[in-house]
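J.: Would you mind keeping the following structure in view while I ask a few things?
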Amino acid sequence: MKLTGEHLDLSPLSAPELALALADYAGLEQALGLNVTATATLMDDEEMRYAMRVRHAKVLQDEENYCWLTMWAIIHREQRQLIGFLILKGRPNEQGEVIVGYVLDERYWGQGYATEALRQITAWIFSHPGARWVIADTEKDNLASHRVLQHLGAELYRETEDLFWWRIARPASSRS
């Protein structure tokens with residue numbers, strides 16, 4: 001499965017691909033048929049590695065529904081490079097909410113790629129009848145992520161000491 005946008009392709013990672021990303025990031029890039037980058041800056045972050053380990057465990061528990069539980073590779077089509085990940089944290093819950101996260105290599109910030117990737121995954125999520133809301137959280141000082149979510153029509157609906165919580169409503173034209 002692959003989602004295709006204007007500049008980006010999104011590909012959900014299988015359990016073996018998640019394991020490969022943790023063990024050999026360049027091996028993952030090769031397995032996906034991409035150019036191998038000189039630095040795997042995304043995997044230098046321990047929080048990112050932890051998130052990938054959690055997603056891997058979730059996918060192993062329910063491989064049939066892996067698309068809802070995995071990290072989706074954000075692939076720059078022209079450059080044939082892995083530039084980030086979207087993270088889905090499960091199928092729609094009882095309220096129709098799907099929680100997403102995202103991370104983009106710093107070299108690609110400010111170019112509209114996070115907005116494009118989130119627009120694609122949100123459309124995919126809303127193509128499923130049970131999905132009513134896409135939920136994302138951001139750190140309060142992450143103004144760039146606030147703008148990305150605002151561009152997608154997200155509303156700020158909750159805050160904690162450290163985080164803002166945003167939600168994107170299913171478009172009226174696609175409500176079931």
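The values are calculated or read from the model by the stated rules, or taken from the named source; none is laboratory data. All figures in this text were calculated on a predicted structure; none of them were measured in a lab. When we count neighbours, we look across all protein chains shown, and the Cβ atoms used for this are built from the backbone with ideal geometry, even at glycine. Areas reflect the complete protein model, heavy atoms only, side chains present, ligands, DNA and RNA absent. Shrake-Rupley method; radii C 1.70, N 1.55, O 1.52, S 1.80 Å.
J.: At 222 nm, what helix-only mean residue ellipticity would the chain give, in deg cm²/dmol to the nearest 500, using -39500 (n - 2.57) for each DSSP H run of four or more? Before the final figure, lay out each step's value.
T.: Details: 5 runs with 55 residues, N = 176.
Dividing the helical sum by the residues of the chain leaves -9500 deg cm²/dmol.
J.: Figure the gain on full extension for residue 109 and residue 30 (residue separation times 0.36 nm, minus the Cα-Cα span) and round it to one decimal in nm.
T.: Working: separation 79, 0.36 × 79 = 28.44 nm, distance 2.37 nm.
26.1 nm is the gain from fully extending residue 109 to residue 30.
J.: Keeping every protein chain in place, order 99, 83 by accessible area at 1.4 Å, biggest value first, i.e. largest first. Show your work: numbers first, answer last.
T.: Working: 99 60, 83 0 Å².
The ranking, largest first, comes out as 99, 83.
J.: What per residue convex hull volume, in Å³, do the alpha-carbon atoms of the chain yield? Don't jump to the answer; show the numbers that get you there.
T.: Numbers: hull volume 21.6 nm³, N = 176.
Roughly 123 Å³ of hull volume per residue.
J.: Give me the 1.4 Å probe accessible area per residue for the chain, excluding ligands and nucleic acids, in Å².
T.: Result: 52 Å² per residue.
J.: Which part of the range 106-121 falls in the paramagnetic zone of residue 157, meaning amide N under 20 Å from the point 7 Å along Cα-to-beta-carbon?
T.: Residues 118-121 fall inside that zone.
J.: Would you check the accessible area of residue 148, probe 1.4 Å, heavy atoms only, in square angstrom rounded to 10?
T.: 20
J.: Please give the solvent-accessible surface of residue 2 in Å², to the nearest 10, using a probe radius of 1.4 Å with every protein chain present.
T.: Surface open to solvent at residue 2 totals about 120 Å².
J.: Return the percentage of antiparallel bridges among DSSP beta bridges fully within the chain, rounded to the nearest 5 %. Walk me through the intermediate numbers first.
T.: Values: 29 of 32 bridges.
Beta bridges within the chain, antiparallel portion: roughly 90 percent.
J.: Let me know the Kirkwood hydrodynamic radius for the range 11-70, please, with Cα pairs as the basis and the value in Å to one decimal. Intermediate results must be reported in sequence, preceding the final value.
T.: Numbers: mean 1/r = 0.0850 Å⁻¹.
One over the average 1/r among Cα pairs gives 11.8 Å for the range 11-70.
J.: Please compute the net charge surrounding residue 3, taking Lys and Arg as +1 and Asp and Glu as -1 over other residues with Cβ under 15 Å from its Cβ. Mind dumping the intermediate values first?
T.: Details: positive: 2, 77, 119; negative: 6, 9, 116.
In short, 0.
J.: Ordering 146, 7, 128 by how much accessible area each has at a 1.4 Å probe, largest first, what is the list? Don't skip to the answer; put the middle values down first.
T.: On the way: 146 15, 7 80, 128 50 Å².
The ranking, largest first, comes out as 7, 128, 146.
J.: Give the cross-link partners of residue 140 among the lysines, using a straight C-alpha distance below 30 Å as the criterion and excluding same-chain residues fewer than 8 apart.
T.: The reachable lysines, counting only those whose Cα sits under 30 Å from residue 140, are 58, 89.
J.: Could you give the dipole magnitude of the range 41-176 about its Cα centre, charging the beta-carbon of Lys and Arg +1 and that of Asp and Glu -1, in debye to the nearest 20? Intermediate values should be presented prior to the final figure.
T.: Values: 17 positive and 20 negative charges, 123 e Å.
Magnitude of the dipole: close to 600 debye.
J.: Turning to a different aspect of this structure: Any idea which of 30, 60, 101 is furthest toward the positive side of the dipole for the range 1-139, if Lys and Arg beta-carbons carry +1 and Asp and Glu beta-carbons -1?
T.: It is 60.
J.: Solvent-accessible area of residue 106, probe 1.4 Å, all protein chains present, reported in Å² to the nearest ten, please.
T.: 130
J.: Moving on. Which distance in Å, rounded to a whole number, links the C-alpha centroids of the range 1-47 and the range 98-155?
T.: Here the two parts' Cα centres lie 19 Å apart.
J.: Which value in Å is the Kirkwood Rh of the range 63-158 over different Cα pairs? Don't skip to the end; give the middle numbers.
T.: Numbers: mean 1/r = 0.0714 Å⁻¹.
Kirkwood hydrodynamic radius for the range 63-158: 14.0 Å.
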